[in-house]
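Q: A single structure is presented below for examination.
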Ligand SMILES: Nc1ncnc2c1ncn2[C@@H]1O[C@H](COP(=O)(O)OP(=O)(O)O)[C@@H](O)[C@H]1O
Ligand SMILES: [Mg+2]
């Protein structure tokens, strides 16, 4: 009995894990059996492989063909194993020289006609192949650019099973793809520039502080005041993604099946704005074999939640873990998975259910009870994780006709970049923005002047600032100091930071 091996990969969370596809052909009833915990998709793979092989002129032998996907205890999902299954069978049957596929990772879904179709997770498969020391990977042509991210890995795109067979039989050389040359970050979308935002000085300033220190922000204002407009401009003032960050984002988008065909690395910060009707599963991720949801698609970018109080309670609850730890856990029968989910949260809400409380243009129809019920929909612990609370009033008509253009995003982005650089050199880790800095580091690095301390202590009494609230204000004050390039944190910095704290909220248990 001859046993052949081909090498593929499967997903575990957002990581690729190697899979060995073994095929044995022997006496016994004719037929194709696949073992090794295959899910429904893998079972269907049988029909696709059978048809693709027949199209190619290699009908299954009239003997027993057993395919084993190892390791057997790894749950395998998706269709990416098709290609390796087909190649493994051909080799076992003597249609390919023995060992023909031994140094190559093979991934891709087969069509009934033998065409090779794109699959999610190819970047993760490519990385897994490199880790295994397999320096060549054959992928569907539409996935080639996302895989071509490492000079040590040869990425060979193919569009048909026949090409792969010819390549492995050394009758054809598949071309090698190299990484697209567009190394620079893309220009920010000129349609999303801060220069178009009129007025709203306080909100613009808060947006800059949010970007500089990584602080979450809540915008409260009537419809049409520019909340959405402001939120969309946040990615454009954040520093460009570093290469490791680009890889992280691309891996997630690829596993989620959200990367467009023929795209390389994601180079701009994600902006996600799921609708308030979204389920907790849509946000956190889900499915029998869980895939990343909106919270992970927003990783290293901006998550915009408009109509914040209208989100379902369980959806809002799903925000807590990522806001605290930068990851989101999804429990499933097949085991719990966690996905990265470190984003800047921009929440937006109306001041009251009708939206016009405090608006001079229209009268508010809500009762006091309506208003308080509306605001209570967001739990205290969640609000506590939002450092910047900003009122965004309707823009007076006069402000729309002013002659001067507002400051463009590029200028703001430069100040943000400098402030982030200061933080990174102080903490030694670029991920530690002031908002994310562990508390003990904060205490060491805050450099609070005596007058600032006095002011903060007074504020604790006056507005009933909780211990956690106190800390959050200090973080914002530090960011304001960094934007100014100031070593110590002064009373002036603390006073400005206090403006972004909602007045006298009772202490809330978490
Ligand atoms: N401050 C502003 N400067 C310039 N245009 C604005 C401003 N506020 C609102 N607009 C205009 O009004 C439209 C609606 O604003 P939007 O951001 O959707 O408001 P909101 O999200 O608060 O309901 C925007 O597309 C923009 O054309
Ligand atoms: Mg809006």
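The values are calculated or read from the model by the stated rules, or taken from the named source; none is laboratory data. Computed from a predicted structure; not experimentally measured. Positions of Cβ are generated from backbone atoms using ideal geometry, with glycine treated the same way; all protein chains shown enter the neighbour counts.
Q: Any residue in segment 227-237 that is more than 24 Å from residue 391 (Cβ to Cβ) and more than 16 Å from ligand 2 (Cβ to nearest atom)?
A: No - not one qualifying residue is present in segment 227-237.
Q: Still on this model: Restricting attention to segment 312-324, does a residue exist that is surrounded by fewer than 22 Cβ atoms within 10 Å (Cβ to Cβ), touching a strand residue (DSSP E or B) at 6+ places or on another chain (Cβ under 8 Å) and over 23 Å from residue 392 (Cβ atoms)?
A: Scanning segment 312-324 turns up at least one residue that is surrounded by fewer than 22 Cβ atoms within 10 Å (Cβ to Cβ), touching a strand residue (DSSP E or B) at 6+ places or on another chain (Cβ under 8 Å) and over 23 Å from residue 392 (Cβ atoms).
Q: What helices (runs of 4 or more DSSP H) completely inside segment 425-490 contain at least 1 residues that are under 22 Å from residue 412 (Cβ atoms), in contact with a helix residue (DSSP H, G or I) (Cβ under 8 Å, 6 or more places away or on another chain) and at pLDDT 90 or above?
A: 467-484
Q: For segment 210-225, enumerate the residues that are within 16 Å of ligand 2 (Cβ to nearest atom) and crowded, with 21+ Cβ neighbours inside 10 Å.
A: Within segment 210-225, 217, 218, 219, 220, 221, 222, 225 qualify.
Q: Scan segment 24-56 for residues that are in contact with a helix residue (DSSP H, G or I) (Cβ under 9 Å, 6 or more places away or on another chain) and either outside any helix (DSSP H, G or I) or exposed (fewer than 15 other Cβ atoms within 10 Å of the Cβ) (or both) and jot them down.
A: Within segment 24-56, 24, 25, 32, 33, 34, 36, 38, 56 meet the criteria.
Q: Here's a follow-up. Looking only at residues in segment 316-348 that are farther than 24 Å from residue 75 by Cβ and more than 17 Å from the chain's Cα centre (by Cα), which one is nearest to ligand 2 (Cβ to nearest atom)?
A: Ranking the qualifying residues of segment 316-348, first place goes to 348.
Q: Something else about it: What is the residue count in segment 298-354 for residues that are part of a loop (DSSP other than H, G, I, E, B) and either closer than 21 Å to residue 246 by Cβ or in contact with a helix residue (DSSP H, G or I) (Cβ under 9 Å, 6 or more places away or on another chain) (or both)?
A: Residues that pass the stated criteria total 18.
Q: If you don't mind, there's one more thing I want to ask. Among (1) in contact with a strand residue (DSSP E or B) (Cβ under 6 Å, 6 or more places away or on another chain); (2) crowded, with 20+ Cβ neighbours inside 10 Å, there is one condition residue 475 misses while meeting the rest; what is its number?
A: All conditions are met except number (1).
Q: While we're here: What number of residues in segment 411-429 are touching a residue at least 12 places away in the same chain (Cβ under 8 Å) and either within 23 Å of residue 491 (Cα to Cα) or within 24 Å of the chain's Cα centre (by Cα) (or both)?
A: Final tally of qualifying residues: 11.
Q: Still on this structure, I have one more. Among the numbered criteria (1) under 23 Å from residue 262 (Cβ atoms); (2) in a helix (DSSP H, G or I); (3) in contact with a helix residue (DSSP H, G or I) (Cβ under 9 Å, 6 or more places away or on another chain), which one does residue 167 miss?
A: Against the list (1) under 23 Å from residue 262 (Cβ atoms); (2) in a helix (DSSP H, G or I); (3) in contact with a helix residue (DSSP H, G or I) (Cβ under 9 Å, 6 or more places away or on another chain), residue 167 comes up short only on (3).
Q: Tell me, yes or no, whether segment 304-311 has at least one residue that is on the phi > 0 side of the Ramachandran plot and more than 16 Å from ligand 2 (Cβ to nearest atom).
A: No, every residue in segment 304-311 fails to be on the phi > 0 side of the Ramachandran plot and more than 16 Å from ligand 2 (Cβ to nearest atom).
Q: Among (1) surrounded by fewer than 23 Cβ atoms within 10 Å (Cβ to Cβ); (2) at pLDDT below 95; (3) within 17 Å of residue 261 (Cβ to Cβ), where does residue 111 come up short?
A: Failed condition: (2).
Q: Checking the structure you have, find out if any residue of segment 272-281 is under 30 Å from residue 396 (Cβ atoms) and within 16 Å of ligand 2 (Cβ to nearest atom).
A: Yes, there is a match, as at least one residue in segment 272-281 is under 30 Å from residue 396 (Cβ atoms) and within 16 Å of ligand 2 (Cβ to nearest atom).
Q: Just one of the numbered conditions (1) in contact with a strand residue (DSSP E or B) (Cβ under 6 Å, 6 or more places away or on another chain); (2) not in a helix (DSSP H, G or I) is not true of residue 231; which one?
A: All conditions are met except number (2).
Q: Let me ask something else. Between 234, 238, 207, 230, which is under 22 Å from the mean Cα position of the chain (by Cα) and near ligand 1 (Cβ under 10 Å from one of its atoms)?
A: 230
Q: May I ask you to list the residues in segment 355-381 that are buried (at least 16 other Cβ atoms within 10 Å of the Cβ) and touching a helix residue (DSSP H, G or I) at 6+ places or on another chain (Cβ under 6 Å)?
A: Hits for segment 355-381 are 374, 378.
Q: If you don't mind, there's one more thing I want to ask. When segment 57-81 is examined, which residues are found to be over 17 Å from residue 129 (Cβ atoms) and not in a loop (DSSP other than H, G, I, E, B)?
A: 64, 65, 66, 67, 68, listed by residue number.
One line per residue, one yes/no per condition, for (1) modelled with pLDDT under 95; (2) crowded, with 22+ Cβ neighbours inside 10 Å:
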site	(1), (2)
267	yes, no
275	no, no
291	yes, yes
298	no, yes
303	no, yes
306	no, no
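Q: Shifting gears a bit: Which one is farthest from ligand 1 (Cβ to nearest atom) among residues in segment 243-269 that are part of a loop (DSSP other than H, G, I, E, B) and under 30 Å from residue 383 (Cα atoms)? Walk me through it before giving the result.
A: Residues of segment 243-269 part of a loop (DSSP other than H, G, I, E, B): 256-269.
Narrowing further to those that are under 30 Å from residue 383 (Cα atoms): 256, 268-269.
Working: 256: 27, 268: 21, 269: 19 Å.
Going through the qualifying residues, I end up with 256.
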